[in-house]
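**Student:** Quick one: this structure, given as structure tokens, is what I'll be asking you about.
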Number of protein chains: 2
Amino acid sequence: MEKIRVAIVGYGNIGRGVELSIERNEDMELKAVFTRRPPKSVSIYSKNVPVLLVDDMLQMKEEIDVVILCGGSATDLPIMGPEVLKNFHTVDSFDTHARIPEYFASMDEVGKQSGKIGIISVGWDPGMFSLNRLYAESILTDGDTYTFWGKGVSQGHSDAIRRISGVKNAIQYTVPIEQAVEEVRSGKRPELTARQKHLRECYVVAKEGANLEQIESEIKNMPAYFADYDTTVTFISEEELQKEHHKMPHGGFVIRSGETGRTGNKHVIEYSLKLESNPEFTASVLVCYARAAYRMAKNGECGAKTVLDIAPSLLSLKTPEQLRKELL
Amino acid sequence: MEKIRVAIVGYGNIGRGVELSIERNEDMELKAVFTRRPPKSVSIYSKNVPVLLVDDMLQMKEEIDVVILCGGSATDLPIMGPEVLKNFHTVDSFDTHARIPEYFASMDEVGKQSGKIGIISVGWDPGMFSLNRLYAESILTDGDTYTFWGKGVSQGHSDAIRRISGVKNAIQYTVPIEQAVEEVRSGKRPELTARQKHLRECYVVAKEGANLEQIESEIKNMPAYFADYDTTVTFISEEELQKEHHKMPHGGFVIRSGETGRTGNKHVIEYSLKLESNPEFTASVLVCYARAAYRMAKNGECGAKTVLDIAPSLLSLKTPEQLRKELL
């Protein structure tokens, strides 16, 4: 089997996840990991795969089919995406929802000039959740879609707590409120406030001598992040944090409740994820979209694409005949 | 807005559902209902829409963009599909799983000759369930996929009971066994027999003087249909059957449980449907794929397609820009 030759740019949690996911996809091969750190300081799982400086990517242009961009959305991808797309097909997990149209436009312009394809915003939200919102609202045109996240770690909220004076370390779990989920699942179409949908559970390691009451109050009243939610704050030791809260679970639900016909028959479509490792799952989604990028590129397509633009069969290692026989 | 002009062939439960779904899709217009019955005997919801004989379809060739085929899979579609595809783009819900490859081949040949597109096997299983199997197994390459159906009416099993001597009427519900669903949902990957996955609940109206014990025994021991399941048989009156069992609810679950990484992090992807009206939901899926057929045809595509081949954005009334802004 001719293998799809993949490179990773950025070796954090997602990059590591991509490396491990490639191991489980027999039609793929990891050719290189690119980093901005000193390559010798980066230790990867794979033997015989070079770790190189991002600046040296072009030297491997002929040996790479698709580059999976594993940088952050805030500052890395907006610069790195268009830059890499000048020479390589790319897949990334750009997830700053509000800036997706802008990022799409910049990737689309570059890709159309370079003749390369860039699949953006791949993962589960944006990603699989977006797909499920689209399918569900296209079928049940009269309905409401609800998204619940969690229980899972929100990196953004954890970071916000860590910036508070007196806080040494912290982790925040977003927790969907079961009663709200059940109400939506039952076919009702309630209007729910932020507070009615999610709880925020914070585990905080305070610095010695810090004012715990003040930390708790600062967290609970922080606008945008916590003020609109019921928030619990639990102070724990650094040891407990490392021991009990080192995993990165996540998940959530997309539920559409709607009706059909003149008598208003009710229907509920639900998609849910329970993930023990958020980055490894996201990475697995990236890897199957790398297969799609490779195939679409072979087919002459270029410019920016999202999961919404991509025929599902392009993701699978199976042939169209196998898919029809086994899955339909 | 220029509307997509749709025709329905076959006016049973699905055909009626399609008619009602078109009412909820503002970019669509029902142009005609075609039937093999005497047109005057068919009463449809829509005013000012003609009911015509199937034999007269060609007369409306210039006025129809997509034909939704609402015949049965056993005998109607294998003949009707290729016949209509000679002159019209089509969408159908062919659901005899084992014969899909054969039906695809016959539709593909005709469509490629006529330059028409035929989207086959649209609905929820085959259809949305197939899509979810594909997405889930492409992401979690190491995993197992489980499908549970119900609680819902199985037409095939109900018919099988009705053929037993002494039975006047009957309805059969397929019921997923909650314990098995929970086991799968928990991330275990059990091997489950047919009996461990589903119960079969039968409500039977016996003819006067019939031997109830014998009917019950014939049902429970019927090979393929009931012998491999735990089956309950409840005798009721025709009135009760009409009153309590006239709806056509259905639904089910596709669950994939798998792992990623070297430490084997577990993930569970679940897609579920709870449908008050099986035919109206199926019809709503057909209608949004009629939109995709229209767009793919405009794009010059032809031959047979399935839901697995179709980019999700083609289903939506929204523009790609709107979709990226609202759903990603």
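**Student:** Please enumerate the residues belonging to the range B:242-273 that are farther than 30 Å from residue A:287 by Cα and either over 24 Å from the mean Cα position of the chain (by Cα) or hydroxyl-bearing (Ser, Thr, Tyr) (or both). Break it down stepwise before answering.
**Tutor:** At the first step, the residues of the range B:242-273 found to be farther than 30 Å from residue A:287 by Cα are B:242-251.
Once the filter is applied, which keeps residues that are farther than 30 Å from residue A:287 by Cα and either over 24 Å from the mean Cα position of the chain (by Cα) or hydroxyl-bearing (Ser, Thr, Tyr) (or both), the range B:242-273 yields only B:243.
**Student:** Now, a different point. Restricting the range A:210-233 to residues that are touching a strand residue (DSSP E or B) at 6+ places or on another chain (Cβ under 8 Å) and in a helix (DSSP H, G or I), which is surrounded by the fewest Cβ atoms within 10 Å (Cβ to Cβ)?
**Tutor:** Checking each candidate, the answer is A:212.
**Student:** For the range A:239-328, which strands (runs of 3 or more DSSP E) that fit wholly inside it have 3 or more residues that are at the interface with another protein chain (Cβ under 7 Å from one of its Cβ atoms)? Quick ask: steps written out before the conclusion?
**Tutor:** Working: elements: A:250-260, A:265-275, A:303-305.
Because the criterion is at least 3 residues that are at the interface with another protein chain (Cβ under 7 Å from one of its Cβ atoms), the strands (runs of 3 or more DSSP E) in the range A:239-328 that meet it are A:265-275.
**Student:** Among the residues of the range A:179-202, are any within 20 Å of the chain's Cα centre (by Cα), surrounded by 15 or more Cβ atoms within 10 Å (Cβ to Cβ) and free of Cβ contacts under 8 Å to residues at least 24 places away in the same chain?
**Tutor:** no
**Student:** Of all residues in the range B:23-44, which are of a type in the set (S, T, N, Q) and outside any loop (DSSP other than H, G, I, E, B)?
**Tutor:** Taking the range B:23-44 and keeping what is of a type in the set (S, T, N, Q), we get B:25, B:35, B:41, B:43.
Correct list: B:35, B:41.
**Student:** Pick from the range A:154-163 the residues that are crowded, with 18+ Cβ neighbours inside 10 Å and at pLDDT below 95: which of them is nearest to residue B:123 (Cα to Cα)?
**Tutor:** First, pick out the residues of the range A:154-163 that are crowded, with 18+ Cβ neighbours inside 10 Å: A:154, A:157-158, A:160-161.
Within this subset, residues satisfying the condition of being at pLDDT below 95 are A:154, A:157-158, A:160.
Working: A:154: 36, A:157: 41, A:158: 42, A:160: 45 Å.
Only one residue tops the list, namely A:154.
**Student:** Which of the residues that make up the range B:149-182 are outside any strand (DSSP E or B) and either within 14 Å of chain A (Cβ to nearest Cβ) or within 24 Å of residue B:307 (Cβ to Cβ) (or both)?
**Tutor:** B:150, B:151, B:154, B:155, B:156, B:181, B:182
**Student:** I want to confirm something. Restricting to the range B:109-148 and keeping residues that are surrounded by fewer than 19 Cβ atoms within 10 Å (Cβ to Cβ) and away from chain A (no Cβ under 14 Å), which single residue is farthest from residue B:279 (Cα to Cα)?
**Tutor:** B:113
**Student:** Any chance the range A:293-313 includes a residue that's among the aromatic types (Phe, Trp, Tyr) and within 25 Å of residue B:120 (Cα to Cα)? Talk me through it step by step, then tell me what you get.
**Tutor:** From the range A:293-313, those among the aromatic types (Phe, Trp, Tyr) are A:294; that's our starting set.
Then keep just the ones that are within 25 Å of residue B:120 (Cα to Cα); that gives none.
No: the range A:293-313 contains no residue that is among the aromatic types (Phe, Trp, Tyr) and within 25 Å of residue B:120 (Cα to Cα).
**Student:** Going by the structure shown, is residue A:43 within 16 Å of residue A:13 (Cβ to Cβ), under 25 Å from the mean Cα position of the chain (by Cα) and buried (at least 23 other Cβ atoms within 10 Å of the Cβ)?
**Tutor:** Working: within 16 Å of residue A:13 (Cβ to Cβ): yes; under 25 Å from the mean Cα position of the chain (by Cα): yes; buried (at least 23 other Cβ atoms within 10 Å of the Cβ): no.
Criteria not met by residue A:43.
**Student:** Now a separate question. Does residue B:253 satisfy being farther than 16 Å from residue B:153 by Cβ and not hydroxyl-bearing (Ser, Thr, Tyr)? Let's see the steps before the verdict.
**Tutor:** On the way: farther than 16 Å from residue B:153 by Cβ: yes; not hydroxyl-bearing (Ser, Thr, Tyr): yes.
Against the criterion (farther than 16 Å from residue B:153 by Cβ and not hydroxyl-bearing (Ser, Thr, Tyr)), residue B:253 qualifies.
Yes or no, residue by residue, for (1) away from chain B (no Cβ under 12 Å); (2) part of a helix (DSSP H, G or I):
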residue: A:21; (1), (2): no, yes
residue: A:46; (1), (2): no, no
residue: A:52; (1), (2): yes, no
residue: A:60; (1), (2): yes, yes
residue: A:71; (1), (2): yes, no
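**Student:** OK, next. Tell me yes or no: at least one residue of the range B:79-102 is over 21 Å from residue B:292 (Cβ atoms), touching a residue at least 60 places away in the same chain (Cβ under 8 Å), of a type in the set (D, E, K, R) and outside any strand (DSSP E or B).
**Tutor:** At the first step, the residues of the range B:79-102 found to be over 21 Å from residue B:292 (Cβ atoms) are B:79, B:83, B:96-99, B:101-102.
Filter again for touching a residue at least 60 places away in the same chain (Cβ under 8 Å), leaving none.
So far as the range B:79-102 goes, no, none of its residues is over 21 Å from residue B:292 (Cβ atoms), touching a residue at least 60 places away in the same chain (Cβ under 8 Å), of a type in the set (D, E, K, R) and outside any strand (DSSP E or B).
The values are calculated or read from the model by the stated rules, or taken from the named source; none is laboratory data. None of the values given here were measured: they were computed from a predicted structure. Please note: Cβ atoms are built from the backbone with ideal geometry, for glycine as well, and neighbour counts cover all protein chains shown.
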